[in-house]
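Let me begin by presenting the structure, written as C-alpha cells, before commenting on it.
Just so it is clear, none of the values below were taken in a lab; they were calculated from the coordinates. Since we're looking at a predicted model, the values are computed, not measured. Note: ideal-geometry Cβ built from the backbone for every residue, glycine included; neighbour counts use all protein chains shown.
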Amino acid sequence: MDNHSPRSAFRTAGQAIALALILTTAQAAMAETKTPAIYYGIGSESSEYGNAQVFGAKAVAASVNAKFSVLASDYQGQKFLQDFGAIFAAGCKDCVAILDPASNAFTKALVDRAAQADAKILTFWNSPDGIHPWDTDSDNWVAHLSFDGVESGYKNGQALCKSIGGQGGVVALMGIADNPPAKQRFAGFKHALAECPGMKLLDSQYADWDQTKAQTITRGWLARYGASIKAIFAEDDGMALGAVAALREKGLAGKVQVSGSNGQSDALALVKSGEMTSTMYVDGAMQGAVSTALGYAVARGDLDLKKLTHAQREFYLQQTLVTKDNVDQVLARKPNAADYTYEKIKANFWQTSAGPVPTGSLK
Amino acid sequence: MTVPVYEMKGVTKRFGSVVALDRVDLCLHPNEVVGLVGQNGSGKSSLMKTMAGVQSPDEGQMLLRGESIRLKSTVDAAKRGIGLVHQEQSLITNLTVAENIFIDKSCDFFKHGVYRWGDLLRAARKQLEKIELDIRPDLLVEKLSFAQRQMVELAKALALEEMVTEDLVILFDEPTSMLSGPEIEALFKQIRRIRDRASVVFISHRMDEVLELSDRVYVLSDGRQVAERPKNEVDADELFELMVGRQRTVAVRAPRTRASLQPVPRIELKDYRVGTIGPISVTVGAGEIVGLIGVQGSGAETLCRSLFGLEATFSGQVLFDGKPLSVNSPTQAMKMGIGYVPAERKTEGMLASMSIADNMTLSFGFDYAYAGTLANRTRERVEADLWAARLKLKAHTLDDPISRLSGGNQQKAVLGKWLMSRSLKLLILDHPTRGLDPAARADLFQSMRELAEEGLSILFVGDTLDEVILLSDKIVVMRDGQVSETYLDVARETPSEKSIVRAMV
Amino acid sequence: MQRQSDRLDISSERSSYIGQVMDVKNYRVRDWGAILALIVLMAFFTAAGSNFASLNNLQALVESSAIPVIAVIGITFVMLQGSIDLSVEGVASLACIVTSLFVANSVTSSHNLGLALVVALGSGLLLGLINGLMYSKLKIPSLIVTLGMWFVARGAATYLFPSRQPQILDPMLMSVALDKHFGLSGIVYVAIVLLIIAYFIQSKTRIGRLSYGIGGDEALCRLAGLRVDRIKIAVFVMSGFLSSLCGVLLTAQLGVGNPRGGDGLLFPSISAAVIGGTLLSGGKGGVFQSVVGVLILSVIRNGLQQIGVDPLLTQVVEGATIVVAVVAGSWHMRTKLRVAK
C-alpha cells in the first residue's frame, strides 16, 4: 500500500508531461490561425435539436473557414465547466464559444473563465436572474439567447383548449423540478388555463424529459382518471411522444389531445397524423447559425459590443406554434446550408429575434 | 509385506525460508488406519495437503500403489481415488448436499449442462446411506450442523468409490476439532466401517483419539517424522518427548530480581466462560508474567481477546484489583488499564500506511495533551522517542512509514504504543514472537521482564514451549477450552517440556 | 485426557431443520419478506381509495414492469455470482437505435425486421461476451469493465444516431407493443416466457446452479475443478443479450429509435433485485425474487401517483421506501453483507 512507489511516480510524471505537451501544442496551434476557432456546446449529440444547431453553426463556420468543434454536455454543467475550462485555460484569445450551460448555476462560472482567457462567449437557455451580458464580463459575454418558454406554454395551452372545445380535464407532464424552461412553460400553461375556465388541471407529474417515464405516468393517469382526461400538456416533444405511445395502447391516440414543445420531426409527423395537437417549433439550425455569426462578428471586430443595445444582447429567438394548419409548411422546410452563411446573417443579425428577454423571467 | 497403498519418501516442502516438511517418510498399508500427531507447526497439515494434492512437494517421491505420481490438484487426486476430508470445510454452503457430494466429479446427472435432479438426489441418497447419515439430500448445506457437514464431506470423499476401481485412500485433517462427544463417536463408527474398503490417514491433536482409532501412529515434529509405532507398542510418554522437538529450552531463565513472587492479584478469573470455552479460573498477579499455551483451538487466544473486550458473550466472575470488572469493549478495557497486542500484527495491531511515530502515539497520545483535549505533538513525540530507545527500536527516524520496519521492530512499535499509556496495569500479548527473528525475540523478552519488574502484569500466549518456560512466572496450559494444567512458580519448579506437551494434547 | 463433552451441542439445534421444505423448488422462509412487502403495499394503495386495484391500472402496472423484468433477469444471474453489470443502459440504447435503422423507418431505406433483430441482438451477445472475457480472463473487476462498456455502447448509439429519431414504420414490430392479447401486450408475454426459461436455467442447469456456487465461494468452486470462467462468461453473454432484447422491445414501445432509450433501466433493475432478495454480494436470491422487487418498485411509483402524492415528494418517498425495504429484508444478514465484486 505504498503510494510513493517509483512506478506510480513515473506514471504521474509521464501523464503530466503528456498533458503539458498537448496543451502547449494546442496553444501554439491556436496562436497560428488568424481566424478565430469556434466551439459549439450542445446538450447531447443524440438529439435532433442538438444536431440541427450544429448544422447551422457549422455552415456559418465553413463560410468563413473557421475551425469548428462540437462538445456535448450530457446535460451536466460540470462537464462543460471542465471541458470549456480546459479550452479557455489553454489560451483562447478571440476564439468563440457558444454553449448551453445546462443549468443556471454554471453560467457565471463559464462566462468568467471565458473573460479570463479573453474569449468571446454566447450562452443560451440557462442564465440566472440578475446578471446580463452588458453588466457582467461585458467585453466577453456577447449575448444570451433563449426561446420564450412562457409563450410556448401559453400558446400550446391555448391550442389544447381550442381542441377540446374549452371543456375537459387536462394533465401535465413536467420536465425537471427547478428548471427554468420547465418552469416558464408551466407558467405559460397556467396562464392559458386561467383563460380557459372549462379546462381543469387534474394532475401534474415530473417525467424528467423522458419518453418512457412519460409513457408509464400516462398509463397510470388513464387508469386513474379514465375518460375525464381530454388533453395532455407535455413540456417537451419527448414526453409528448411517450404520452402518445400510452394513448395508442388504449386506442386513444387522436382522441385525447396532446401538446409538446421543440418541434422535432417525429412530433411534427404526429401533428400531421392528428395524434398530436400542437408543438412549439424552434429552429435549431437558425439558432446555431445566428449565435455563431454573432460571436464571430464580435471576435473579428465587425461588431462593436459597446454599441449594442440590451435588446441585442439578451433576446428570444422566434418560435412557431405548429398545428395541423401549418405543419406541412414546417415539414417541407429543409435547412439549406446556403442560407446560413456569415454574409447572409451579417445583413441583419437580429432578424429572427422575437424581442428582449423580459426582466425577471429567467428565474 | 504387501505393497503399501500410499507411500511418501523423503518428501520436503519449503515456503520461502520456512521448512514445513523435512524429508518425511510415511507409509500407508491397505485397509489400515494410520494416525498422525504433532504440535502446532509440526507439519501435519502440510503433509496432509501434499498427500491430497493441494500442494506439491519440492523434493521427494509419492508412490500410489507402487507407482510414482505427481498430483496436480485435488481433482487429480480424486481421479486416483484419494479423497480429503478437510478441516476448514470444502462444501459450498449455498448449494445442496447432493450437489456438493458430486461437485468435483463428472457425472451423468449434469452432462450437457442440464441437471437431472431425480437421478442426482437418488445417487446422493445412496452415498448418504453408506455412512448412515439420515438427512435429505436436497437441503442446503448452510442448514446443517458442523457435525453433519463433516459427514457430508466424508460422503463426498466416499463417493469416489463409484468412480474408481481400486480401494480409496481417505485423508482426515483434524475432523474432530469442532465436534462434540457423541458426534465424534458417530464419525469414528463410520471410519471403522469403511476400513474394509479404504485406507485411512487421520490427523488429530488429541493423542487419545488417535490411539483409539489407529493401527499405527506417526509423530511429526518440526517438519520431520520422528517416530512410527504400532498401536500396541506406543509409550505415550516417549511420544510426548519426541513431539517437543526444537522447542526444547536451550537458554537459561533469567532470574526475577524483585521478591514479588507472592504477588498481589491484579486480575482474577473465576469460572469464566467465553462462548464454548470455560469454565476457567486463573489469576495474574501484579508484576507477574503468566504464559498461556495450547494447540490451535484450545481457547487461549479467545480468552485473551475476551479480556480485552473483543468477544461478545462471556460470563463468570472477573476481579480487577479486587473490584468486579465487566469489559464489553476495547475502550472500556483501555480505561481500566488493560492493553492488548494482537496476533495479527499487520491487520489488527498497526496502521501500515502511517509513520512509526503516528502508530505509537495513536492510542494514548491524548494522555499527553493540553488539558486532555488539544494534542501536544511535541510531548507525545518525546515520549515516543523515549520508548523507542528503550525498546531498542531500530529505525531511521520515527517519521518513517511503519511498513518499512522489520517484523521485530514493528512489534516493538506496537508494544511502544501500549507502553505510552500512563495507566497501563495489565498487558496481554497474543503470540508476540510470531514472525520475529531470535534477536528480536530476545529483545522483546528482555523488555517484558523489565516491565514486569516495574510492576506491570503480563499475560501472553506463547508459540513455543521454550518461550513459556523461559519467560513465565506461571504457566497455564489450555486444551479444548479448559485449563488442563497450571504450573505455579516456574522459577523454582521448572516443568519439563514433555509434561507441558502432555497437557496440551 | 478428557474429551470436550460438555461443549454446546450444535446438532440438536439444527436437527429441527431436517425435513424442511425443499429449498431448490420452493421459496425459503426468508424470501417471504419481499412478497409480504408487495402484498402489504398493494393492500395499502387499494385501501387508500384510489383506482389502484382497477383492471386498467393493474394492466398498466404489468405493462410498465415488463421491460424492467427482462433487464432484471439478466442482472440477477450476474449478481448471483457476486458481480455486477452496469452496461445495461448502453447496450439497450445501442440495440434500440440499431433496430430502428434496420426495420422500415422514416430515415433509412432498409426494411428488414429479421436483419434488425440479428444485428441488434447480436450486438448484445457480442458486447456481453466482451464483458465476460475481460472480467474473467483479464481479471478486471466487473464494475469497471461494464462501466466502460456502458459508455462505449452509449457512444456507439450516439454515433449511429442519424441526427433525428427514426420513426418505426414496421407494423410487425409495432404490433408487439400495441396488439393486446387478453389485455396485455406482446412485450409482457415475452417477459413471462423469459422468466420461465430463466427459472429453468437457474434451478436445473450448470450455469444456474454454479452461479450460486460461484457467488457462495468462488475459490472452492475452482478447487473442485469447475470451469468457473466459462460460467462467468456465459452469464455476461446472457445479460448482454437480454439488455439488447430490452432495447429492441423499447423500440417497439417507443415507436422511435432513441439513442438514449435505455436510460433509466439500470438503477431500478439493481435496486429491484436487491429489494427482492438477490444480494449484491452474491449467492442468494433468484429471478422470481428479483421480479418481486420490480413489482414492488412499480407498485410504489404507480400507487403514489394514484393516491395523488405531490410529485415533488414522490422521489423522496420512493427512495425512503427502497431503503426501508432493503434494510428490513436484509436485517438478519447485516453482518454478512459485503460489497459487490
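The 3J(HN,Hα) values that the Karplus relation (6.51, -1.76, 1.60; θ = phi - 60°) gives for the range A:282-291 are, in residue order, 10, 8, x, 5, 4, 4, x, 5, 4, 5 Hz. Gly and Pro appear as x. Centre-to-centre separation between the Cα atoms of the range C:135-200 and those of the range C:226-272: 5 Å.
Set the Cα radius of gyration of the range B:351-422 against 2.2 N^0.38 Å, with N its number of residues, and you get 1.01.
Counting Lys and Arg as +1 and Asp and Glu as -1 over every other residue whose Cβ lies under 12 Å from the Cβ of B:S499, the net charge comes to -3. When the square roots of the Cα gyration tensor eigenvalues are ordered a ≥ b ≥ c, the ratio a/c for the range B:285-348 is under 1.5, which makes its shape rounded. Distance between the C-alpha centres of the range B:164-193 and the range A:222-301: 76 Å, rounded to the whole angstrom.
In terms of the Cα gyration tensor, with a ≥ b ≥ c the square roots of its eigenvalues, is chain C rounded because a/c is under 1.5, prolate because a/b exceeds b/c, or oblate?
Values: a/c = 2.20, a/b = 1.37, b/c = 1.60.
Judged from the Cα gyration tensor, chain C comes out oblate (a/c at least 1.5, b/c at or above a/b).
Which angle from 0 to 90°, rounded to the nearest 10, does the C-alpha axis of helix C:55-80 make with the longest principal axis of chain C? Around 60 degrees separate the two axes.
Inside 10 Å of the C-beta atoms of A:222-229, what's the mean count of C-beta atoms belonging to other chains?
On the way: counts 5, 14, 12, 1, 3, 0, 0, 0.
Other-chain Cβ atoms within 10 Å of each residue's Cβ, averaged: 4.
What is the packing order of peptides C:314-321, A:238-245, taking the mean over residues of other C-beta atoms within 10 Å and listing the highest first? Don't skip to the answer; put the middle values down first.
Details: C:314-321: 14.4, A:238-245: 29.8.
In descending order of packing, they fall as A:238-245, C:314-321.
Per-residue Karplus couplings for the range B:379-392, computed as 6.51 cos²θ - 1.76 cosθ + 1.60 with θ equal to phi - 60°, are listed in order as 4, 4, 5, 4, 4, 4, 4, 4, 5, 4, 5, 5, 7, 6 Hz, Gly and Pro entered as x. Less than 5 angstrom separates the built amide H of B:A369 from those of B:N376, all sequence-distant by 5 or more or on a different chain.
Sort B:192-199, C:176-183, C:291-298, C:72-79 by the packing proxy (mean of other Cβ within 10 Å over each peptide's residues), most packed first. Show your work: numbers first, answer last.
Values: B:192-199: 16.4, C:176-183: 14.6, C:291-298: 25.6, C:72-79: 30.0.
With the highest mean Cβ count within 10 Å placed first, the list reads C:72-79, C:291-298, B:192-199, C:176-183.
Taking only alpha carbon atoms, the range C:93-223 gives an Rg to Rh ratio of 1.06, where Rh is the Kirkwood radius. Helix C:113-136 and the longest principal axis of the C-alpha atoms of chain C enclose an angle of approximately 40°. From the Cα gyration tensor of the range A:35-79, with a ≥ b ≥ c the square roots of its eigenvalues, which class applies: rounded if a/c is under 1.5, or else prolate if a/b is larger than b/c, or else oblate? Since a/c reaches 1.5 but b/c is at least a/b, the shape of the range A:35-79 is classed as oblate. For the range B:461-474, putting each phi into the Karplus relation 6.51 cos²θ - 1.76 cosθ + 1.60 with θ = phi - 60° gives couplings of 9, x, 7, 10, 5, 5, 4, 5, 5, 6, 9, 7, 7, 9 Hz, in residue order, rounded to whole numbers and with x for Gly and Pro.
Kindly provide the Kirkwood hydrodynamic radius of the protein assembly as shown in Å, to one decimal, from all pairs of distinct alpha carbon atoms. Computed over Cα pairs of the protein assembly as shown, the Kirkwood hydrodynamic radius comes out at 36.1 Å. Sorting the segments C:257-264, B:78-85 by their residues' average number of neighbouring beta-carbon atoms within 10 angstrom, most packed first, yields C:257-264, B:78-85.
Spherically averaged projected area of the convex hull of Cα atoms, the range A:149-282: 6.6 nm². The residues C:Y199, B:Y370, A:Y340, B:Y115, when put in order of fewest to most other Cβ atoms within 10 Å, stand as B:Y370, C:Y199, B:Y115, A:Y340. Compared with the dominant principal axis of the Cα atoms in chain C, helix C:311-329 is inclined by about 30°. Altogether, the Stokes-Einstein calculation at 10 °C and 1.306 mPa s, with the Kirkwood radius of the range C:23-112 over Cα pairs as Rh, returns a diffusion coefficient of 93 µm²/s. Shielding of peptide B:133-139 by partners, expressed as the average count of other chain Cβ atoms within 10 Å per residue Cβ, is 4.
What percent does the relative contact order of the range C:143-283 come to when contacts are Cα pairs within less than 8 Å and at least six residues apart?
34 percent
Scanning residues 5 or more positions from A:S46 or on other chains, none has an amide H under 5 Å from its amide H, with H placed 1.01 Å from N in the peptide plane.
Here the convex hull built on the C-alpha positions of the range A:46-144 has a volume of 93 cubic angstrom per residue.
How many Cβ atoms of partner chains, on average, are near each residue of A:265-276 if near means within 10 Å of its Cβ? If you can, show how the numbers build up before the last one.
Details: counts 8, 11, 2, 0, 3, 2, 0, 0, 0, 0, 0, 0.
Other-chain Cβ atoms within 10 Å of each residue's Cβ, averaged: 2.
Normalising the Debye intensity of chain B to I(0), with uniform scatterers on Cα atoms only, and taking log10 at q = 0.05, 0.13 Å⁻¹ returns -0.24, -1.22.
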